[in-house]
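Asks: Structure in structure tokens, see below.
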Amino acid sequence: YIALAILTRHRTSCFDSNLRVMLDLSQGAGAYVYLPTQPYFTVTGQSADSLERAYRDGLREHNALVSALTLLTEARLIDLDQAMPREQRYFADPIHMTREGNAEKARLVSAALRAGSSYLSTLP
């Protein structure tokens, strides 16, 4: 697998660099930044081949990086990985949402933004 070789070689370094640049630019322009984690769903009985494991492990690493960056910056975390119900009806495959999944994801993001409105009013 070419994709597996790329994932293995780069791990989180490119994602980390890109995310930090976007954070710096956004926050430097005065934006309030919310960073979401990505939920992952493993279908029961699905074989865990090396590519599937690499994607699952890669998302786990990326989610940990997103969480860590919110502790180091003024970005706020929307932990969709923890909040999203792990039900087949929400996932078309391990990372893509169904229509119902996208609606639930939007509801969770909306709730997080509404809850953050009191946080936003305290910032300069």
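Asks: Evaluate region 73-88: report whether one residue or more is assigned to a loop (DSSP other than H, G, I, E, B), open to solvent by 50 Å² or more (accessible area, probe 1.4 Å), modelled with pLDDT of 90 or more and over 24 Å from Ser17 (Cα atoms).
Replies: yes
Asks: For Glu104, state whether it is in contact with a helix residue (DSSP H, G or I) (Cβ under 8 Å, 6 or more places away or on another chain) and not hydroxyl-bearing (Ser, Thr, Tyr).
Replies: In short, yes.
Asks: Then there's this: Within region 89-113, how many residues are exposed (fewer than 14 other Cβ atoms within 10 Å of the Cβ) and of a type in the set (Val, Ile, Thr)?
Replies: The qualifying residues number 1.
The values are calculated or read from the model by the stated rules, or taken from the named source; none is laboratory data. Remember, predicted model here, so these are calculated numbers, not experimental data. Cβ coordinates were reconstructed from backbone atoms using ideal geometry, including for glycine residues, and neighbour counts include every protein chain displayed. What goes into the accessible areas is simple: the full protein's heavy atoms, side chains included, and nothing from ligands, DNA or RNA. Shrake-Rupley method; radii C 1.70, N 1.55, O 1.52, S 1.80 Å.
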